[in-house]
Amino acid sequence: MKTIGMITDRVRWDEKALIQAANKKNAKLVVIDGKSIFLEATGDFDNIPEADIYLQRLVSTFKGLYVTKILESKGYPVVNSYAVSSVCADKLLTTLALRKAGVPSPRTFVAFDIDSALSTLEELKYPAVIKPVFGSWGRLIAPLMDPQSAKAILESRESMGALYQIYYIQEFVEKTGNRDIRSFVIGDKVVTAIYRIAGQGEWRTNTALGGRAEVCPVTPEIEDISLKAAQAIGNGVYGVDLLETPKGMFVNEVNHTMEYHTTVPLTGVDIPSMLIDYCLEIAK
Ligand SMILES: Nc1ncnc2c1ncn2[C@@H]1O[C@H](COP(=O)(O)OP(=O)(O)O)[C@@H](O)[C@H]1O
Ligand SMILES: [Mg+2]
C-alpha cells in the first residue's frame, strides 16, 4: 500500500477532510507537522517520515516551495510539484505561462520604479489594479483610481520588502454581478466550480475577505479555459480564478495549494477524496 505524507503546519477543515477521505478509502496517510521537520540539504539526515508521495499543504508559500524542492531533489514525488508550485506562487510567472499558452488573462504590465509604473498607467488607463507578485487572500491588492492615489500607493510599497517594489499592474476588469469564478482542476478534469461574490463594499471576491460562494455549473467554456490554464502550467491540482468579461473569460490566477472548505459543503463534490486518488495515482 502506498503511503501519502501530508505536510502541514495547521490542520484546518481542508486537511481534516483529507484525513477523513484517506480513512474512508483505507489509504495510508501520515500527517507530518511542517514545524517539526528538518531536512539535510547536503545528505540524507532528514527527520521526515518516509512516504511514497508527499502532499504539500503548508500555509506558508515559501516554506512549501522549499520543502517541495528538497524532497523532489531526493527523488520523492510531491503534489504539487516544484515546477508547478513555483509558477503558481508567482503571479508574474503565471501571467507569462498563460501568455505563452495563449490563455486570455487581464492585460498586465510590470515596472520596477514609481515613475515608470505611473507611465504604465497612462497606457493601461485608470482604474487599474496593483498586486504583490507573491501573496494570497487578496492581501495588498489595491485599486489604482487616479495618478494621485496611484503614486501614494506605489510610494507606500517603498517601505515594504524588495518584492513589493516589483510593480505588477493590470487592467481593472469590471465583474458581472461583482462576482468571479473559482474552478477546481485535478489532473485533467475540472471537478467543480463556484461563483465567488464580493462582500459588502468589497470588489475582491476572496472568501477570506467576506466573499460569498454559490454553485456555478461547469460550462464548456469554464471547462475549456480551466484546463488550458492548468496545461499551461503542468500536471497538478489547481484552484483557477476566472473573470467573466464582455470579451470572454479571463484567467486571473492559478492557485496551487487550493482551499475547498467552502466549496465541498456547497457543491457536495468530494474534492478531498479526489485529491487522495490523484496522489495515489502519481505515487504509482
Ligand atoms: N484585474 C482585476 N480586475 C478586477 N478584479 C480583480 C483583478 N485582479 C484581482 N481582482 C479581484 O481581487 C481578488 C484577489 O486577486 P487575486 O489576483 O486572485 O489575488 P490573491 O492571490 O490574493 O487571491 C480576485 O479574486 C478578484 O475578485
Ligand atoms: Mg485569488
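The values are calculated or read from the model by the stated rules, or taken from the named source; none is laboratory data. Quantities reported herein were computed from a predicted structural model and do not represent experimental measurements. We place every Cβ from the backbone using ideal geometry, glycine too, and count neighbours over all the protein chains shown.
Within segment 16-28, the residues that satisfy the criterion of being in contact with a strand residue (DSSP E or B) (Cβ under 7 Å, 6 or more places away or on another chain) and surrounded by fewer than 20 Cβ atoms within 10 Å (Cβ to Cβ) are I19, A27, K28.
Would you say I153 is of a type in the set (V, I, T) and under 16 Å from D115 (Cα atoms)? In short, yes. A count restricted to segment 69-84 and to residues that are of a type in the set (F, W, Y) and within 15 Å of P49 (Cβ to Cβ) stands at 1. Could you say whether any residue in segment 39-46 is surrounded by fewer than 20 Cβ atoms within 10 Å (Cβ to Cβ), among the acidic types (D, E) and not in a loop (DSSP other than H, G, I, E, B)? No, segment 39-46 has no match at all. For the residues T95, T120, the requirement of being within 14 Å of the chain's Cα centre (by Cα), of a type in the set (V, I, T) and assigned to a helix (DSSP H, G or I) singles out T95. Taking the criterion of being within 16 Å of ligand 2 (Cβ to nearest atom) and within 17 Å of T95 (Cα to Cα), the residues of segment 112-137 that qualify are V129, I130, K131, P132, V133, F134, G135, S136. Cβ-Cβ contacts under 7 Å between residues 6 or more apart (or on different chains), taken from a first residue in segment 21-34 that is more than 15 Å from P272 (Cβ to Cβ) to a second residue that is of a type in the set (A, V, I, L, M, F, W, C) and part of a loop (DSSP other than H, G, I, E, B), are listed as K28/M1; V30/A51; I32/I48; G34/L58. Pairs linking a residue in segment 164-188 that is within 17 Å of I271 (Cα to Cα) and more than 16 Å from ligand 2 (Cβ to nearest atom) to a residue that is outside any strand (DSSP E or B) and among the small types (G, A, S), with Cβ atoms under 9 Å and 6 or more positions apart or on different chains, are I186/G236; G187/A230; G187/G236; D188/A230. Just checking, does segment 209-230 include any residue being under 21 Å from L55 (Cα atoms), under 15 Å from the mean Cα position of the chain (by Cα), modelled with pLDDT of 95 or more and away from ligand 2 (no atom under 13 Å from the Cβ)? Within segment 209-230, one or more residues are under 21 Å from L55 (Cα atoms), under 15 Å from the mean Cα position of the chain (by Cα), modelled with pLDDT of 95 or more and away from ligand 2 (no atom under 13 Å from the Cβ). Scanning segment 116-139 for residues that are near ligand 1 (Cβ under 6 Å from one of its atoms) and either over 17 Å from R157 (Cβ atoms) or touching a strand residue (DSSP E or B) at 6+ places or on another chain (Cβ under 8 Å) (or both) yields V129, K131, S136, W137. I'm told I194 meets every condition in (1) crowded, with 21+ Cβ neighbours inside 10 Å; (2) within 14 Å of ligand 1 (Cβ to nearest atom); (3) within 20 Å of K91 (Cα to Cα); (4) in contact (Cβ under 8 Å) with a residue 60 or more places away in the chain except one. Can you identify the failing condition by its number? The one condition I194 does not meet is (3).
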